[in-house]
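Written below as structure tokens is the structure these notes are about.
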Amino acid sequence: MDLNSEAQALSQLPQRAEDTWQLAVVQFPPLDGTEEETAEGPLLGLCGSTESGRVRSSEISEDTEISPVTLLLGALVGFANDDDVGYRPGKLQVHDEGLAEWLSEQLAPAAIQVEALAQLELIEKSLEHLLEQLIPPAGPADDQGEEAA
């Protein structure tokens, strides 16, 4: 994914200067059946609007060699081009100062401001909800600490 062409494509969309989007890459725990102790779980890019509360993800990648920037761009561009969205935000919030500076330069043609925040509440809430859907809650434990049937 070429960031210059993506920034140009974003700049063609109408802008809602008052809307702020949060953008992050998250890594899940290793998938069941992974034998290596050092195995890493799949990566996912998330992008969402703090105004509407809607969140969209990139494709889940089990390839831990994939660039986080590719996942971020996939989530950002996918969200902007979603049939229910169709615009670019006035501001992006990310979790890392270096990433914020880099994205700010790269997205300058799209006139999107980028800032770093220590906590991305929308992303965290979305991730909690997603994990609740993917990982069933533990059942009550018996006296030996094992899950009751």
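Ratio of region 3-124's C-alpha Rg to 2.2 N^0.38 Å, to two decimals?
1.08
Determine the sum of side-chain charges near Gly53: Lys and Arg each +1, Asp and Glu each -1, restricted to other residues whose C-beta is under 11 angstrom from that of Gly53.
0
Kindly state, to the nearest 0.05, the FRET efficiency for Glu105 paired with Asp84, given R0 = 25 Å and r defined as their beta-carbon distance.
Rounded to the nearest 0.05, the efficiency is 0.30.
Bear in mind that the values in this text are calculations on the coordinates, not laboratory data. Quick caveat, the model's predicted, so the values are computed rather than measured. Because the Cβ atoms are built from the backbone with ideal geometry, glycine has one as well, and the counts that use them run over all protein chains shown.
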